[in-house]
Structures are given as structure tokens and as C-alpha cells.
Amino acid sequence: MKLILSKIIPSPLDVPLQLAHALERTGAFLMADRWRILLLRPDGATDLIWQTTDEDVAYQWRGFFDDRLTDSVYDEIRQQANGFRLLSKADYQRVGASGLYKTANTLPLLFEAQDGTWIAFAGKKISILKSEEGHVRECAATKTKGKDPICQALHPHQNLLVYGTNYGELFAQPLNQNQFGKTIKISQLPNTCYQIAFATDGKKMFVGGLGYVKMFEYDGQGFTETASISSALRSFEMVDDYLILNKGMHGIDIIKVTDKLQRVDSMDLPFSIDKMFCLASQKSLLLTSGSTNEWALLNLSA
């Protein structure tokens, strides 16, 4: 697989972005600041879907949950890259109306796991929530191991979440709809853990952090590290049997995944990459720069 630079364009939106997401079904990148919401196509064309010049309206922007996003768009962005799903808007409203977190010092991150299980992350606490007859309650809770988790991912076929910490600790936490299982220590990584992702079949897990990318095999019971490379890294995306590495000021790499991790292509950009978004179905990448406010569109070619 090769990287092909399609074009570099000045960003039509202000920094910082309020929302950025790859819409696979639509075949476009959804991008928004406080003033505009637009779709960016892989060929660089843009479709403006909402705009305002009213400061009061702009100030009320609510990101993922904003009513200016249609139900069909929200349905697409519900699936998160880490395997979890956002709750429906009605379910978030149920949680808010329940008063469960009315006095909380830290508002939780709320997601849907497998089998419709609701999960809440708040500091070092993970909770399982249930909605019964309109009332939301916490039915189980556990404390995370090690330092505070800074990234997490969900196995694609079972209720097994994995989290990593700023100190490179990597843990697996099994659960069901009612309780948590015993926490598993997977590994002590070389440094801070930035991102975790499972392959579609759930048999491989990729972990990226400060200076490294590692691959683990999962056999349904435990994890075994099978490959590792040293690399600058901000984030990564998976496309077929390849990892695409966002290396910030060091450009972008393509890593072929077999029984090892092998670099097969790389590219330097005229700016330091901030965020990377991928339309896997379109073999298209969007790279944004936080310093120059430029966007780059890349194609992936066999």
C-alpha cells in the first residue's frame, strides 16, 4: 500500500474544531467549528450543511449531541473508533434527568458496550448503569488499577474493555450487564499509552504510545505480545491489513501487519500533523494541522 498526496487546502473552519468525524456510509468527513458544519469529500469538495453568524447561537454549540446534527448523521457518529458506541440522545437525556451525577465532581464519559450495556468512566472509577422504568441507577462499580486510565478500547465481540495509563500500564477488565470480573494486567509498556484498538475479528490488539507500537494476540483468555516497533506516534488508523501512523512533525507511515510489523511506505508533510481521520471504505485520509490551519487529503493505493 502506498500514500498519495491528493491536495493541501486551507481550512475553511476556525481553530479549534468543535467536531471532526469520518462518516463511512456518507463517504465524507464531518467537520465543524462553532459557526459552520460541513462535509468534506475525499476529492476536496465541501458541502455546507449549517451556518450561523449569531454569536449566541454559536456559543450554544453542543458537539456530538447538538440538535443541528440530523438523526442520520448522529447515528453514524455513534460508533466510536475505540469500539464503544455513544448512547442515543434519548438515553443521555434519561441519565441527565435521573440526577445520578447531579453532585458529581467529575462528569463521566458514557458509552454503550456489547449487549446494550451502559458503561461510565469517571477518573479511576468504571460503572455499569441500568435504566429501569425510566430510572437510571448504578448497578456495579470498580476501581481501575494503576494510574488514571487515559485511553480505552472495547473488544468487538465480547464485553472486555482494555485501558492504558499515562505510566504505560495496560489492563483488561471483563464485565457483563450486572458485574465486573477480575482485572487482568496485560503488560507494562515502555511509556505513556495513547491509543488501543482491536482488529475486526478481535484476535489482534494494537497499542500505540510514546515511542512505540505493539501488537498482541488474544486467544479468548489472555494476551500475548507478538510484535513491536519503535516509532514517533500521535495516533493510528487501521485499514485492511495495515496500520497508518500519524507521527506528528515526523509525517506518516504505513505499517503492514502480518506476524510482524513492517514499514512499507512513509511521507513527510509540509506541516506537523495534529489529527488524522480515515475513510477506510474510500481509502482516504484527512490530516489537519493545528499550527498552520491547513488540511491535507491523502489517498491509499494498492
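The values are calculated or read from the model by the stated rules, or taken from the named source; none is laboratory data. Everything quoted here is computed from the prediction, not taken from an experiment. Don't worry about glycine lacking a Cβ; one is built from the backbone with ideal geometry, like all the others, and counts go over all protein chains shown. With ligands, DNA and RNA removed, areas are computed over all heavy atoms of the protein, side chains included. Shrake-Rupley method; radii C 1.70, N 1.55, O 1.52, S 1.80 Å.
Can you give the helix-only mean residue ellipticity at 222 nm for the chain, where every DSSP H stretch with n ≥ 4 adds -39500 (n - 2.57) and the sum goes over all residues, rounded to the nearest 500 deg cm²/dmol?
It lands at -2000 deg cm²/dmol.
Based on the convex hull around the alpha carbon atoms, the stretch 1-48 presents an average projected area of 4.0 nm². A 1.4 Å probe run over the protein chains yields, for the stretch 136-189, 46 Å² of accessible area per residue, whole-number rounding.
Percent of C-alpha pairs per 5 Å bin in the stretch 72-146, short distances first: 3, 15, 26, 27, 18, 9, 2, 0. For the stretch 128-170, the C-alpha radius of gyration divided by 2.2 N^0.38 Å, with N the number of residues, is 1.48.
Across the accessible surface of the stretch 1-137, with the other protein chains kept in place and a 1.4 Å probe, carbon and sulfur atoms take up 49 percent.
Given 10 °C and 1.306 mPa s, how large is the Stokes-Einstein diffusion coefficient of the stretch 163-302 in µm²/s, with Rh as the Kirkwood radius over Cα pairs? Here the translational diffusion coefficient equals 99 µm²/s. Distances longer than 14 Å among the Cα atoms of the stretch 95-138: what percent of all pairs is that? Roughly 46 percent, rounded to a whole number.
Please sort by residue number the trypsin sites (Lys or Arg not before Pro) in the stretch 165-268 whose DSSP state is loop and whose Cβ has at most 15 other Cβ atoms within 10 Å. Write down the numbers at each step before the final one.
Numbers: sites: Lys182, Lys185, Lys203, Lys204, Lys214, Arg234, Lys247, Lys256, Lys260, Arg263; in loops: Lys182, Lys203, Arg234, Lys247, Lys260.
Counting only loop positions with at most 15 other Cβ atoms within 10 Å, the trypsin sites (Lys or Arg not before Pro) in the stretch 165-268 are Lys182, Lys203, Lys260.
Beyond 18 Å, what share of the Cα-Cα pairs of the stretch 248-302 is found? Please give it as a whole percent. Show your work: numbers first, answer last.
Working: 551 of 1485 pairs.
That fraction is 37 percent.
Out of every Cα-Cα pair that the chain contains, those further apart than 29 angstrom amount to 40 percent.
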